[in-house]
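Visitor: Attaching a single structure in structure tokens format; questions to follow.
The values are calculated or read from the model by the stated rules, or taken from the named source; none is laboratory data. As the structure is a prediction and not an experimental result, all values here were calculated from the model. Cβ placement follows ideal geometry from the backbone for every residue including glycine, while neighbour counts extend to all protein chains displayed.
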Amino acid sequence: MRSKHNTAVETVVLPAGLGWWNLYFICKIALYAQGLIDFHALENFTFAACLLLPIRNHYGKVLRQIVAIPIAAVLLHYDSFMPPLSRLFSQFDQFLSFEFSYIIELLSRFVSLKLILAGIAVACIYYYMAKSIRVTSLVLIAIVATGISTLTTPPAATQTASNTTKNAITSPNDTSNAALNRYLDSFFSAEKSRQTQFPSTDTQGAPFDILLLSVCSLGVDDIKLAGLEDHPLFQKFDIVFDEFNSATSYSGPAIIRLSRATCGQAEHSTLYGPVDPECQLFHQLEQLGYGKELILNHDGVFDSFLERTQRYSGISSAPFPNTGVAATQKDFSGALIYNDGGMLNAWWKNRQTLDNDRVAALYNTTSLHDGNRILNKPPVFGVASYQQRGNTLFDELATFLENLEKSDRNIVVVLIPEHGAGLRGDKMQISGMRELPSPSITHIPVAVKVIGPNLQRSDSVFHVREASSHQALSQLLANILEQKVFDQAHFSAAQLSSNLPQTAPVSQNEGSTVITVNKEYFISLDQQTWIPYSTSK
Ligand SMILES: [Zn+2]
């Protein structure tokens, strides 16, 4: 009895330390020191204090440990630069359809081998240190010291904001929430009044087809990271958009935005609502006598892609059959992906048998989507996989363009990716994650080729260097119609691109908006407050 009483007294006088929870705080402080996460000192200190509160009851202690684990996870997420949990949970049903191997690949991007080794090393050091010194006291001091340092030096992610304030914008108030909200409001109200005028049916020149190559997961940054920028495909175009913003980082909204290219950029919240037919590119083309076709190299089941495209994009036609085309990849959910060259050549062969003078086709490919596996080849992952799949796709597109040039038909081919792959990743999103429409994901390589058996470009390749988005593309198509390009033997790429509308980079997904103000990026997750978007890793 006596010894029991003594133990109880000891517990009260000298409370147990944080134990292995010390490791949690040590690791977080180390990650903060490297700029990989933020550190909310007050919340962390409160959490540590709760762990230290003396509890005598054994079951109470166990219960505290159980409750502490999810709290620690939420706190770690709160300290990280990752998207809000509500957004991550909203994607959970899609996550369940992923193949096991893809889930493992995603997890390995969250936690690198280097990080695991460092964690083991810290655990070993802690184990031996804890025998001789009271680590808890040191950790508590470190939490307070880190807290003080967060007050004096802004964390890496907010560094850009102070730079913006000092260098780029004259008034420090210009990056205030109110100013950025005003900027966004005025952007959308100006966009509402913009519309591309297409020529009337009776002034049309020689007929030509339009093929939109909608590539999922192809961004300028992905091409650079995979070392594919010198691929011959990119030398084949007449007009190249250097600063094209996809305005979203998901496939569904990307297709709707492309299909509404004849009007200014719409707010994300309006994309699934009613739309003025004048804003619908395919409606406008239909008025000019165009037949509409849809070609997919996948089943369109994931995220109801096919259903949504048919419902909202103005092309309700059934997709072109993939009969006889080889499947070359399997996607992250196990569905087959068909060979791009095979699909396009089969469609083109069929198109040439049709009576219709004018066809506007949308080809959508998922060959570059994250998590795809190449069939009948040794498995490759990450950048190596992207590089291999990118090379194959670009080879096939280049060969297909050569086939078109050999034919006797007029056609305008537009390379218009949906959005980038986010291959590089950054502090806010791991590689392959596209929840936030970050600048590196929405900057896409858009290019146009004008092909006719008797038609040649009279000048050099024209680069559209101004900030552009889908409306510039619709204006370019209107110019090709207006200038009756295919009635002539030569065309000027510069002349075709002379009056293209500019669009400042504003990108949205459900629940997030990213804008660029004086070359600095800002993100809002609540449509009211803004924080700088750090594109560094
Ligand atoms: Zn996509």
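Visitor: Is it the case that the stretch 393-401 has a residue that's within 16 Å of the ligand (Cβ to nearest atom) and not aliphatic (A, V, I, L, M)? Write out each step before concluding.
Guide: Taking the stretch 393-401 and keeping what is within 16 Å of the ligand (Cβ to nearest atom), we get 393.
Narrowing further to those that are not aliphatic (A, V, I, L, M): none.
Checked the stretch 393-401: no residue is within 16 Å of the ligand (Cβ to nearest atom) and not aliphatic (A, V, I, L, M).
Visitor: Right, next: Looking at Gly422 and the list (1) on the phi < 0 side of the Ramachandran plot; (2) surrounded by 21 or more Cβ atoms within 10 Å (Cβ to Cβ), which single condition is not satisfied?
Guide: Evaluating Gly422 over (1) on the phi < 0 side of the Ramachandran plot; (2) surrounded by 21 or more Cβ atoms within 10 Å (Cβ to Cβ) leaves (1) as the failure.
Visitor: Go through (1) touching a Pro at 6+ places or on another chain (Cβ under 8 Å); (2) not assigned by TED's automatic domain parsing to the domain that holds Phe282 for Glu482 and report which single condition fails.
Guide: Failing condition for Glu482: (2).
Let's see how each residue does on (1) under 25 Å from Ser512 (Cα atoms); (2) in contact with a helix residue (DSSP H, G or I) (Cβ under 7 Å, 6 or more places away or on another chain):
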site: Ile239; (1), (2): no, yes
site: Leu258; (1), (2): yes, yes
site: Ser269; (1), (2): yes, no
site: Gln280; (1), (2): yes, yes
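Visitor: Can you name the helices (runs of 4 or more DSSP H) wholly within the stretch 241-335 that have at least 2 residues being surrounded by 15 or more Cβ atoms within 10 Å (Cβ to Cβ) and either within 15 Å of the ligand (Cβ to nearest atom) or under 23 Å from the mean Cα position of the chain (by Cα) (or both)?
Guide: Working: elements: 251-259, 281-287, 305-312.
Hits in the stretch 241-335: 251-259, 305-312.
Visitor: For the condition basic (Lys, Arg), touching a Ser or Thr at 6+ places or on another chain (Cβ under 8 Å) and within 24 Å of Arg257 (Cα to Cα), what is the one hit in Arg434, Arg465, Arg424?
Guide: Matching residue, one of Arg434, Arg465, Arg424: Arg434.
Visitor: A further question on this structure: May I ask you to list the residues in the stretch 202-230 that are under 25 Å from Lys349 (Cβ atoms) and either outside the structural domain of Ala346 (by TED's automatic domain parsing) or more than 16 Å from the ligand (Cβ to nearest atom) (or both)? Quick ask: steps written out before the conclusion?
Guide: Keep residues of the stretch 202-230 that are under 25 Å from Lys349 (Cβ atoms), which gives 206-216.
Across the stretch 202-230, the qualifying residues are Ala206, Pro207, Phe208, Asp209, Ile210, Leu211.
Visitor: Go through the stretch 386-408 residue by residue and tally those that are among the polar types (S, T, N, Q) and touching a strand residue (DSSP E or B) at 6+ places or on another chain (Cβ under 7 Å).
Guide: Residues in the stretch 386-408 being among the polar types (S, T, N, Q) and touching a strand residue (DSSP E or B) at 6+ places or on another chain (Cβ under 7 Å): 1 in total.
Visitor: Considering only residues of the stretch 498-518 that are farther than 20 Å from Thr262 by Cβ and more than 19 Å from the chain's Cα centre (by Cα), which is surrounded by the most Cβ atoms within 10 Å (Cβ to Cβ)?
Guide: Within the stretch 498-518, the match that is surrounded by the most Cβ atoms within 10 Å (Cβ to Cβ) is Val517.
Visitor: Same structure, new question: Out of Thr136, Thr146, which single residue is surrounded by 13 or more Cβ atoms within 10 Å (Cβ to Cβ), farther than 30 Å from Ser438 by Cα, touching a helix residue (DSSP H, G or I) at 6+ places or on another chain (Cβ under 9 Å) and not hydrophobic (A, V, I, L, M, F, W, C)?
Guide: Details: Thr146 fails: farther than 30 Å from Ser438 by Cα.
Just one listed residue meets the conditions, Thr136.
Visitor: So, of the residues in the stretch 473-518 that are more than 24 Å from Pro207 (Cβ to Cβ) and part of a loop (DSSP other than H, G, I, E, B), which turns out to be modelled with the lowest pLDDT? Explain how you work it out, then say what you get.
Guide: First, pick out the residues of the stretch 473-518 that are more than 24 Å from Pro207 (Cβ to Cβ): 494, 501-518.
Checking the rest, the ones that are also part of a loop (DSSP other than H, G, I, E, B) come to 501-505, 510-511, 518.
Values: Pro501: 95, Gln502: 95, Thr503: 95, Ala504: 94, Pro505: 95, Glu510: 90, Gly511: 88, Asn518: 85.
Here the residue is Asn518.
Visitor: A further question on this structure: Quick one: count up the residues across the stretch 409-428 that are of a type outside the set (Val, Ile, Thr) and either more than 15 Å from the ligand (Cβ to nearest atom) or outside the structural domain of Leu228 (by TED's automatic domain parsing) (or both). Spell out the reasoning first.
Guide: Kept after step one, since they are of a type outside the set (Val, Ile, Thr), are these residues of the stretch 409-428: 409-410, 415, 417-428.
Subset that is either more than 15 Å from the ligand (Cβ to nearest atom) or outside the structural domain of Leu228 (by TED's automatic domain parsing) (or both): 409-410, 424-428.
Result for the stretch 409-428: 7.
Visitor: Pairs, please: C-beta under 6 Å, at least 6 apart or cross-chain, first residue without any contact (Cβ under 8 Å) to a residue 24 or more places away in the chain and in the stretch 222-238, second surrounded by 13 or more Cβ atoms within 10 Å (Cβ to Cβ)?
Guide: If the second residue must be surrounded by 13 or more Cβ atoms within 10 Å (Cβ to Cβ), the pairs left are Glu229/Ile223.
Visitor: Inside the stretch 391-419, can you point out the residues that are buried (at least 22 other Cβ atoms within 10 Å of the Cβ) and either within 11 Å of the chain's Cα centre (by Cα) or without any contact (Cβ under 8 Å) to a residue 12 or more places away in the chain (or both)?
Guide: Hits for the stretch 391-419 are Glu418, His419.
Visitor: Is it true that Asp340 is within 16 Å of the ligand (Cβ to nearest atom), surrounded by 22 or more Cβ atoms within 10 Å (Cβ to Cβ) and either at pLDDT 95 or above or of a type in the set (Phe, Trp, Tyr) (or both)? Please lay out each step first, then the result.
Guide: On the way: within 16 Å of the ligand (Cβ to nearest atom): yes; surrounded by 22 or more Cβ atoms within 10 Å (Cβ to Cβ): yes; either at pLDDT 95 or above or of a type in the set (Phe, Trp, Tyr) (or both): yes.
Judged against the criteria, Asp340 is a match.
Visitor: Also: Limited to the stretch 116-152, what total is found for residues that are outside any helix (DSSP H, G or I) and either more than 15 Å from Trp21 (Cα to Cα) or in contact with a His (Cβ under 8 Å, 6 or more places away or on another chain) (or both)?
Guide: Residues flagged as outside any helix (DSSP H, G or I) and either more than 15 Å from Trp21 (Cα to Cα) or in contact with a His (Cβ under 8 Å, 6 or more places away or on another chain) (or both) within the stretch 116-152 amount to 1.
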